[in-house]
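For reference, the structure is listed below as structure tokens.
The values are calculated or read from the model by the stated rules, or taken from the named source; none is laboratory data. In this text, all values refer to a predicted model and were calculated from it rather than measured experimentally. All Cβ positions, glycine included, derive from the backbone under ideal geometry; neighbour counts span all protein chains shown. Only protein heavy atoms, including side chains, enter the accessible area calculation; ligands, DNA and RNA are left aside. Shrake-Rupley method; radii C 1.70, N 1.55, O 1.52, S 1.80 Å.
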Amino acid sequence: MFSKSCEYGLRAVIFIAQQSLLDTKVSLTTISEAIDSPQAFTAKILQQLTRNNIVSSIKGPHGGFYIEMEAMKTLNLSAVVKVLDGDDIYTGCGLGLKQCNEDKPCPLHFKFVDIREKLKYMLENTTLIMLANDMELDIFHLKT
């Protein structure tokens, strides 16, 4: 349903949010290892997220990626998905057919309407703080 970059982006922001709750800034290397993503690919995703004010970064020996507490309370998953995948998830064909639309629907077109509405509701009503508080840190691939 989501692109690979969006999946990694969602994992990254949740991980960064969790670390930010611990008052820790995290490096690109740590993030890419934790979310099990190639480092160069993770760097491009984080660059997009930083440019769009989803995450913040500080350079230098005590730097890294972080998310401000106030931002975590208001940033929802929809914002992350919009930056990385756009709005196609709410409008595109469930089968990926370009010619599918209201006038010429694919066999699944109208069945996806309810799914899209529920997905949109979930993405718009789930904040980073909710996920950072609810998810266990050990779901990420951290080396201990």
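Results, tabulated for the structure shown:
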read-out: Table column - 3J(HN,Hα) (Hz), region 4-17, Karplus curve with 6.51, -1.76, 1.60, x for Gly and Pro; value: 4, 5, 5, 4, 5, x, 5, 4, 4, 5, 5, 4, 4, 4
read-out: Whether region 75-137 is rounded, prolate or oblate, judged on the alpha carbon gyration tensor where a/c under 1.5 counts as rounded; value: prolate
read-out: Val55 long-range amide H proximity, modeled H, under 5 Å; value: Thr50
read-out: Gyration tensor (alpha-carbon) shape descriptor, region 1-88, a/c threshold 1.5; value: oblate
read-out: Per residue accessible area in Å² of the chain, where ligands, DNA and RNA are left out and the probe is 1.4 Å; value: 61
read-out: Rounded percent of accessible protein surface that carbon and sulfur make up, the chain, 1.4 Å probe; value: 53
read-out: Debye, to nearest 20: dipole size of the chain, +1 on Lys, Arg Cβ, -1 on Asp, Glu Cβ; value: 380
read-out: For region 111-125, 3J(HN,Hα) per residue [Karplus equation, 6.51 cos²θ - 1.76 cosθ + 1.60, θ = phi - 60°, Hz, x = Gly/Pro]; value: 6, 7, 4, 5, 4, 4, 4, 5, 4, 4, 4, 4, 5, 7, 10
read-out: Mean separation of Cα contacts under 8 Å, 6 or more apart, over the residue count of the chain: relative contact order %; value: 31
